[in-house]
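> If you scroll down you'll find the structure; I have some questions about it.
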Amino acid sequence: MSKHKKSEETQLVIDCGEVTLREFDRIVSEKYGAVCGIDEAGRGPIAGDVYAAAVILDPNQTIDGINDSKKLSEKKRELLFEEITAKALSYGIGVATVEEIEQTDILSAALLAMKRAFEQVSVNAGIVLVDGDVLPEIEGFVKNLKHGDARSEAIAAASILAKVSRDRYMKKQAELYSQYGFERHAGYGTAAHYEAIDKYGACPIHRQKFLIKHYNKKKKNG
């Protein structure tokens, strides 16, 4: 079980009305200072490391098209990745390994990746906004923002950096373990992925804790 508890007290409460992601961050920054957004990628898959990114965007550098990474095509994410990393005031990308996921739990590992990403940011943030409802152990004025990747431009930018970084990593893993199709499903538990596990067994980057339910079901069905 995770040791982390959700709390309404960690949530950012601010009334911005219906505004764009960029306008939301502008309103928040007027009150708190520079906004650092943090998001993760890879909590759901049954294989691979979990990634996170932290981003402080430059308010004087416009980047068109930033949005929740899940709403963007792979090509658009790749283009935005290059633009964000070129124009951001500062950013960091953190990783927690499969071994760390196995030793703790996926939430703890994701929060650790967030912490590692934030520690790479070289610009002081007035406020740190973390997508979700649990906070990583980082210093500063830190708040959660539920559905933050659809509300804050900085969090959306972080979601893009985390997603692209993890997808690139999984494509490299596909070259090492070609039988699993990691380049197609990025480690998520698709039917084809489970079929490959049944045929070839698990490989070193599979999360064994995530496979227990599958193994039990397979055992039950004979």
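> Of all residues in segment 1-35, which are acidic (D, E) and either at pLDDT 85 or above or assigned to a loop (DSSP other than H, G, I, E, B) (or both)?
D15, E18, E23, D25, E30
> Please tell me if A202 is touching a Gly at 6+ places or on another chain (Cβ under 9 Å) and either modelled with pLDDT of 95 or more or not in a loop (DSSP other than H, G, I, E, B) (or both).
No: the conditions fail for A202.
> Is at least one residue of segment 96-117 in a strand (DSSP E or B) and in contact with a strand residue (DSSP E or B) (Cβ under 6 Å, 6 or more places away or on another chain)?
Yes - at least one qualifying residue is present in segment 96-117.
> Could you check, for segment 120-134, whether at least one of its residues is farther than 26 Å from A86 by Cβ and surrounded by fewer than 19 Cβ atoms within 10 Å (Cβ to Cβ)?
Yes - at least one qualifying residue is present in segment 120-134.
> Give segment 205-222 a look and list any residue that's within 17 Å of G48 (Cβ to Cβ) and in a loop (DSSP other than H, G, I, E, B), or say none.
I205, R207
> Taking only pairs six or more apart or across chains, which ones have beta-carbon atoms under 7 Å, a first residue in segment 192-207 that is in the same structural domain as G181 (by TED's automatic domain parsing) and surrounded by 11 or more Cβ atoms within 10 Å (Cβ to Cβ), and a second residue that is among the polar types (S, T, N, Q) and modelled with pLDDT of 95 or more?
A196/Q179; Y200/Q179; A202/Q208; I205/Q173
> Now a separate question. Hey, among the residues in segment 69-123 that are of a type in the set (S, T, N, Q) and within 19 Å of G37 (Cα to Cα), which one's farthest from the chain's Cα centre (by Cα)?
Filtering segment 69-123 for residues that are of a type in the set (S, T, N, Q) and within 19 Å of G37 (Cα to Cα), the one farthest from the chain's Cα centre (by Cα) comes out as S122.
> Out of all the residues in segment 124-147, is one or more in the same structural domain as K71 (by TED's automatic domain parsing), over 20 Å from H4 (Cα atoms), more than 20 Å from the chain's Cα centre (by Cα) and at pLDDT 95 or above?
Yes, some residue in segment 124-147 is in the same structural domain as K71 (by TED's automatic domain parsing), over 20 Å from H4 (Cα atoms), more than 20 Å from the chain's Cα centre (by Cα) and at pLDDT 95 or above.
> Then there's this: Filter segment 149-190 down to residues that are outside the structural domain of V130 (by TED's automatic domain parsing), part of a loop (DSSP other than H, G, I, E, B) and in contact (Cβ under 8 Å) with a residue 40 or more places away in the chain and give me whichever is surrounded by the fewest Cβ atoms within 10 Å (Cβ to Cβ).
Y188
> Among the residues of segment 32-61, which ones are in contact (Cβ under 8 Å) with a residue 40 or more places away in the chain and farther than 29 Å from C203 by Cα?
The answer is Y32, G33, A34, V35, C36, G37, I38, A54, V55, I56, L57.
The values are calculated or read from the model by the stated rules, or taken from the named source; none is laboratory data. Because the structure is predicted, anything quoted here is derived from the model rather than measured. Ideal geometry is used to build each Cβ from the backbone, glycine not excepted, and the neighbour counts take in all protein chains shown.
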